[in-house]
Amino acid sequence: MCFSLYFARFALPLQKEKLKIMGIFGFFNKDKKETLDKGLQKTKTSVFDKLARAVAGKSKVDDDVLDDLEEVLITSDVGVDTTLKIIERIEERVARDKYVSTSELNGILREEIAALLAENNTDDNDSWDLPTDHKPYVILVVGVNGVGKTTTIGKLAWQFKQAGKKVYLGAADTFRAAAVEQLCIWGERVGVPVVKQQMGSDPASVAFDTISSAKANGADVVLIDTAGRLHNKVGLMNELKKIKDVMKKVMPEAPDEVMLVLDGSTGQNAFEQAKQFSAVTQISSLAITKLDGTAKGGVVIGISDQLKVPVKYIGLGEGMTDLQLFNKTQFVDSLFKHE
Ligand SMILES: Nc1nc2c(ncn2[C@@H]2O[C@H](COP(=O)(O)OP(=O)(O)OP(=O)(O)O)[C@@H](O)[C@H]2O)c(=O)[nH]1
Ligand SMILES: [Mg+2]
């Protein structure tokens, strides 16, 4: 375990950070909204620039504006199918209201997209609580190379710890020595134990050890990191199946959740990866990372409309606090609100 040294080096500064956060607790929602607005800034700017061009010189939403709007949404990575649904809703609205001014377009887009996403039956994730019928709750984290799995695990561990939960991490990415080390660094920063074995060992065996330790120590939640290779479908399928089968030997319910991490900055590729993974294994939740620093944030709208798997978390930076619970309405509000 990489647990021993954490207290002296990290616990004290972390306590200070915690106190600071508690001090501004009353403003947390405002803070969260600002982080979201700031994180989505590039996407926002790009969408607004395109929208401004689409309505330039026009006072009324007509067929030309709708054609341009379609292009705006597609080039903002919303995806063709979802874009068509949005355009259809706006056409209906224009037909119903007879005259729709272009100055109302942002507001209408916000309302119609929020309504469209609400039709998808996936629930919003509004707290860091976990089902309490058994412990530990086991989350197996999967995704291709470099999408942000290990970082998301670190951020999640921090959030769960803040929410008063006892967290264990399992370094089942045994493919690279640096991967184990990276998870250990997160474990130290957050102040949670990391169960590991040497590089090259069997990921399923690490998962087994982690859940066994977590169970023996009364942990609430276990996060298992995995290697990002997607060499071929059969290889991946076998590896994930083996990890799951071995987990069940310790806890028949495990894994409670298979979370797929997607890199939002890859736009439509993220969408494709979600489809490919779902074909290979049952995915129960999604985390979409790197929405800061990209103009492709519209992909979240397409993913949450098209996939029946809920987007639970969004990543808005590299820091420990840069992970948010995904809320459809807040996301659409932030994206289309012109301050
Ligand atoms: N800007 C930004 N960077 C992020 C975010 N999430 C992860 N990263 C960065 O993306 C890079 C890759 O993240 P990792 O967590 O190592 O990704 P991984 O999926 O574990 O990668 P492998 O283990 O190689 O498969 C790191 O430099 C992270 O700091 C995010 O939300 N925003
Ligand atoms: Mg990793």
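Structure values in brief
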| read-out | value |
| --- | --- |
| Condition broken by Ala177, with the remaining ones in (1) within 16 Å of ligand 2 (Cβ to nearest atom); (2) open to solvent by 20 Å² or more (accessible area, probe 1.4 Å); (3) over 18 Å from Val261 (Cβ atoms); (4) in contact with a Gly (Cβ under 8 Å, 6 or more places away or on another chain) satisfied | (4) |
| Residue, modelled with the lowest pLDDT, within the stretch 175-184, restricted to residues that are within 11 Å of ligand 1 (Cβ to nearest atom) and of a type outside the set (D, E, K, R) | Phe175 |
| Tabulated pairs, the stretch 231-260, first more than 15 Å from Ala214 (Cβ to Cβ), second modelled with pLDDT of 90 or more and open to solvent by 80 Å² or more (accessible area, probe 1.4 Å), C-beta under 9 angstrom, 6+ apart or interchain | Val258/Gln282 |
| Among (1) hydroxyl-bearing (Ser, Thr, Tyr); (2) surrounded by fewer than 24 Cβ atoms within 10 Å (Cβ to Cβ); (3) under 23 Å from Ser285 (Cα atoms), the one test that Ser205 misses | (3) |
| Enumeration of residues in the stretch 148-174 that are hydrophobic (A, V, I, L, M, F, W, C) and either outside any helix (DSSP H, G or I) or away from ligand 2 (no atom under 16 Å from the Cβ) (or both) | Trp158, Phe160, Ala163, Val167, Leu169, Ala171, Ala172 |
| Cross-chain or 6+ apart pairs with Cβ under 7 Å, the stretch 36-56 first and under 22 Å from Gly319 (Cα atoms), then open to solvent by 50 Å² or more (accessible area, probe 1.4 Å) | Leu36/Gln330; Gly39/Asp292; Lys42/Gly293; Thr43/Lys296 |
| Complete set of residues in the stretch 101-127 that are of a type in the set (Ser, Thr, Tyr) and either modelled with pLDDT of 90 or more or under 16 Å from Ile90 (Cα atoms) (or both) | Ser101, Thr102, Ser103 |
| Selection from the stretch 227-249 of residues that are within 16 Å of ligand 1 (Cβ to nearest atom) and at pLDDT 95 or above | Ile243 |
| Enumerated strands (runs of 3 or more DSSP E) restricted to the stretch 246-334, each holding at least 3 residues that are away from ligand 2 (no atom under 16 Å from the Cβ) | 285-289, 311-315 |
| Search result, residues across the stretch 105-151 that are small (Gly, Ala, Ser) and more than 16 Å from ligand 1 (Cβ to nearest atom) | Gly107, Ala114, Ala115, Ala118, Ser127 |
| Residues that are closer than 23 Å to Lys233 by Cβ and open to solvent by 40 Å² or more (accessible area, probe 1.4 Å), drawn from the stretch 270-299 | Glu272, Lys275, Gln276, Ser278, Ala279, Gln282, Ser284 |
| Restricting the stretch 300-339 to residues that are farther than 30 Å from Asn238 by Cβ and β-branched (Val, Ile, Thr), the residue that is surrounded by the fewest Cβ atoms within 10 Å (Cβ to Cβ) | Thr329 |
| For Gly187: the one exception among (1) assigned to a loop (DSSP other than H, G, I, E, B); (2) closer than 23 Å to Ala216 by Cβ | (1) |
| Filter result for Ile224 (β-branched (Val, Ile, Thr) and in a helix (DSSP H, G or I)) | no |
| Meets criteria (hydroxyl-bearing (Ser, Thr, Tyr), more than 14 Å from ligand 1 (Cβ to nearest atom) and out of contact with any Leu (no Cβ under 6 Å at 6 or more places or on another chain)) for Tyr168 | yes |
| Those residues of the stretch 113-133 which are surrounded by 13 or more Cβ atoms within 10 Å (Cβ to Cβ), farther than 16 Å from Ile303 by Cα and of a type outside the set (A, V, I, L, M, F, W, C), in sequence order | none |
| Residue satisfying condition, being touching a residue at least 24 places away in the same chain (Cβ under 8 Å), under 30 Å from Gly218 (Cβ atoms) and in contact with a Cys (Cβ under 8 Å, 6 or more places away or on another chain), within set Ala171, Ala157 | Ala171 |
| Some residue of the stretch 194-214 being in a strand (DSSP E or B), within 13 Å of ligand 2 (Cβ to nearest atom), of a type outside the set (D, E, K, R) and over 18 Å from the mean Cα position of the chain (by Cα) | yes |
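The values are calculated or read from the model by the stated rules, or taken from the named source; none is laboratory data. Model, not experiment: these values are computed from the prediction. Virtual Cβ from ideal backbone geometry, glycine too; neighbours counted across all protein chains shown. These accessible areas exclude ligands, DNA and RNA; they are computed on the full protein's heavy atoms, side chains included. Shrake-Rupley method; radii C 1.70, N 1.55, O 1.52, S 1.80 Å.
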